[in-house]
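Heads up, the thing below is written out as structure tokens.
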Amino acid sequence: MTSDTRAGWRPVTESVGSVRAMKALFLRDLKTAFRQRQDLLNPLLFFIMVVTLFPLGVSPEVSFLQQAGSGILWVAALLSVLLSLDHLFRHDYDDGTLEQLVLQPQPLFLLVLAKVAAHWVLTGLPLVLLAPILGIMVHLDGNSIGVLCLTLLIGTPVLSLIGAIGAALTLGLRSAGVLLSLLIIPLYIPVLIFGTGTVAAAGEGAPVSGYVALMGAFLVLAVTLAPFASAAALRISLSNA
Amino acid sequence: MSEPLLQAVNLQCERDDRMLFRDLSFSILPGTLTRVEGPNGSGKTTLLRILAGLNDAWSGDLLWSGQPRSHQREEFVRNMLYIGHRPGIKPLLTPMENLRALMAGRKVVSDNLLGQALTGTGLAGFEDVPCRRLSAGQQRRVALARLLIADEPLWILDEVFTAIDIDGVAALETLLVQRARDGGAIVVTTHHDLQLPSMQRITLGAGDDF
């Protein structure tokens with residue numbers, strides 16, 4: 001056989017670098033999300049509604065809201081992240097792009113990290129940006145609002161990263177919602193406790209650097225470990241498909 | 001002839017307490033077309049997903065160019081192209097964007113070349129229409145456009161002729177034959193009556209003859 005008739009069997013020895021592939025995936029996810037804006041608005045509207053309904057349903061007293069405000073905002077943020085988690089891999093799973101993702105030559109945990117980053121930019125970041133306005137609404141003082149935003153800025157990526165593990169694990173199931181919540185909420189509790197704890201400490205004028213450092217540690221742990229767990233979970237879910 | 005690309009030794013797979021296949025051994029050689037046959041539910045798709053590395057629920061050995069595949073996963077996925085039942089097309093993206101996204105992790109392709117591939121699969125003029133507005137056959141053609149720019153020596157194609165019209169099927173057959181002649185290895189499942197020279201057949205039973 002001459003060499004040109006064997007053109008089809010030339011091993012591919014190099015492929016696109018991981019960073020480039022991650023960037024492409026990140027941008028693709030943003031693009032698809034912006035073509036389906038309703039999915040983007042849902043968690044945000046939920047966040048706003050929960051926070052606005054609390055003063056109406058419980059008590060509009062300034063003293064109550066000042067005390068409970070940070071907790072209300074944190075719980076609402078946590079639940080709206082939870083609400084959006086099912087979409088993280090679901091569409092990709094349904095249309096087959098997830099299979100193609102798993103078969104890409106780049107390490108899967110890096111691709112998962114890119115997807116989670118896109119998810120955070122689309123859900124977590126808007127919550128952080130909305131928090132100051134809602135913070136004013138529940139009569140938090142300026143210092144507390146600043147600290148609240150900081151904790152949400154550190155905390156919401158942790159929520160997305162941990163949530164990705166649950167979303168990946170429950171992919172193959174028809175009604176994954178309840179199981180996803182049951183799996184993930186216990187893991188969210190430490191983030192919630194330290195998130196609201198930080199704001200409470202700030203409200204009392206106590207130093208918050210220790211709290212913030214601990215939340216930073218959560219974030220570091222989540223960034224380094226959660227993508228591996230999600231990647232493994234994705235492989236399991238696809239294997240059973 | 002030449003070294004087998006992929007070699008299966010005593011593959012066995014059980015699904016929902018049902019033995020799909022057992023002691024299945026075969027080699028995929030460069031320059032050959034392999035058709036996996038069998039009735040519905042006989043495990044064709046499962047076998048293809050096992051070969052592609054998507055399904056882990058099997059026992060036996062899979063060798064990639066003579067070495068266990070599990071030791072060289074990256075080598076393997078880089079050299080294998082898989083198109084499944086679900087073709088990996090995002091309904092919200094246009095054919096162009098879809099193709100670009102599918103190629104993004106594999107090799108750098110100019111938009112010009114992507115456009116040519118889409119034209120080659122009969123999608124000229126549809127480059128910028130969201131895929132959800134295309135027909136099922138057109139959506140599959142977007143996925144198949146990858147074949148025109150693919151470098152991978154091994155192609156694994158599940159139900160590749162589904163929803164494709166007569167002209168498209170003929171063109172695809174020609175493409176596959178040409179590819180095999182050029183030394184590529186192709187594994188397909190199809191209910192379409194594929195008659196190609198020098199085709200290897202792997203026949204799976206209905207599962208209950210064991």
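The values are calculated or read from the model by the stated rules, or taken from the named source; none is laboratory data. These numbers were taken from a predicted model, which means no experiment stands behind them. Because the Cβ atoms are built from the backbone with ideal geometry, glycine has one as well, and the counts that use them run over all protein chains shown.
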Residue count, segment A:86-104 (criterion: free of Cβ contacts under 8 Å to residues at least 12 places away in the same chain and either farther than 13 Å from A:L25 by Cβ or in contact with a Cys (Cβ under 6 Å, 6 or more places away or on another chain) (or both)): 4
Residue list for segment B:50-100, filter: among the aromatic types (F, W, Y) and within 16 Å of the chain's Cα centre (by Cα): B:F76, B:Y82
Check on B:S42, in a loop (DSSP other than H, G, I, E, B), within 15 Å of B:T203 (Cβ to Cβ) and touching a strand residue (DSSP E or B) at 6+ places or on another chain (Cβ under 9 Å): yes
Checking B:L24 against (1) out of contact with any helix residue (DSSP H, G or I) (no Cβ under 7 Å at 6 or more places or on another chain); (2) among the aliphatic types (A, V, I, L, M); (3) at the interface with another protein chain (Cβ under 8 Å from one of its Cβ atoms), the condition it does not meet: (3)
Single residue of segment A:220-234 satisfying the filter (farther than 16 Å from A:L173 by Cβ and within 13 Å of chain B (Cβ to nearest Cβ)) that is surrounded by the most Cβ atoms within 10 Å (Cβ to Cβ): A:A231
Tally of residues being β-branched (V, I, T) and assigned to a helix (DSSP H, G or I) across segment B:130-188: 6
Every pair of residues 6+ apart whose Cβ atoms lie under 6 Å, when the first sits in segment B:139-157 and is closer than 11 Å to B:M103 by Cα and crowded, with 22+ Cβ neighbours inside 10 Å while the second is among the acidic types (D, E) and at pLDDT below 95: none
Helices (runs of 4 or more DSSP H) wholly inside segment A:106-196 containing at least 1 residues that are more than 13 Å from the chain's Cα centre (by Cα) and among the β-branched types (V, I, T): A:125-137, A:142-169
Where a residue in segment B:1-20 is within 12 Å of chain A (Cβ to nearest Cβ) and over 18 Å from B:D56 (Cβ atoms) and its partner, wherever it lies, is surrounded by fewer than 19 Cβ atoms within 10 Å (Cβ to Cβ) and small (G, A, S), with Cβ under 6 Å and at least six apart: B:P4/B:S27
Members of segment B:20-39 found to be touching a Pro at 6+ places or on another chain (Cβ under 9 Å) and outside any strand (DSSP E or B), listed by number: B:L29, B:P30
Pairs with Cβ under 8 Å, 6+ apart, first in segment A:105-126 and free of Cβ contacts under 8 Å to residues at least 60 places away in the same chain, second polar (S, T, N, Q): A:W120/A:T156; A:W120/A:S160; A:G124/A:T156; A:G124/A:S160; A:L125/A:T156
Count of residues meeting criterion [more than 16 Å from B:G88 (Cβ to Cβ) and either touching an Asp or Glu at 6+ places or on another chain (Cβ under 9 Å) or within 14 Å of another protein chain (Cβ to nearest Cβ) (or both)] in segment B:149-186: 16
Given (1) facing chain B (nearest Cβ under 8 Å); (2) under 26 Å from A:G155 (Cβ atoms); (3) of a type in the set (K, R), number of the condition A:R20 does not satisfy: (2)
Residue that is surrounded by the most Cβ atoms within 10 Å (Cβ to Cβ), among those in segment B:101-126 that are within 14 Å of chain A (Cβ to nearest Cβ) and under 20 Å from the mean Cα position of the chain (by Cα): B:L102
Residue in segment A:88-98 that is aromatic (F, W, Y) and over 24 Å from A:N42 (Cα atoms) present: no
Segment B:57-105, residues that are among the polar types (S, T, N, Q), within 26 Å of B:R179 (Cα to Cα) and not in a helix (DSSP H, G or I): B:S65, B:Q67, B:N79
Matching entry among A:G155, A:G210, A:G142 (being more than 17 Å from A:F89 (Cβ to Cβ) and surrounded by 18 or more Cβ atoms within 10 Å (Cβ to Cβ)): A:G155
Single match in B:D111, B:D128, B:D167 (criterion: closer than 25 Å to A:H91 by Cα and either of a type outside the set (A, V, I, L, M) or at pLDDT 95 or above (or both)): B:D128
In segment B:68-95, the residues that are farther than 20 Å from B:L11 by Cα, touching an Asp or Glu at 6+ places or on another chain (Cβ under 7 Å) and of a type in the set (A, V, I, L, M): B:L81, B:I83, B:I89
Selected residue (criterion: surrounded by the fewest Cβ atoms within 10 Å (Cβ to Cβ)) from residues of segment B:55-93 that are hydroxyl-bearing (S, T, Y) and more than 10 Å from chain A (Cβ to nearest Cβ): B:S59
Failed condition for B:R86, given (1) of a type outside the set (A, V, I, L, M); (2) touching a residue at least 12 places away in the same chain (Cβ under 8 Å); (3) under 24 Å from B:L51 (Cβ atoms): (2)
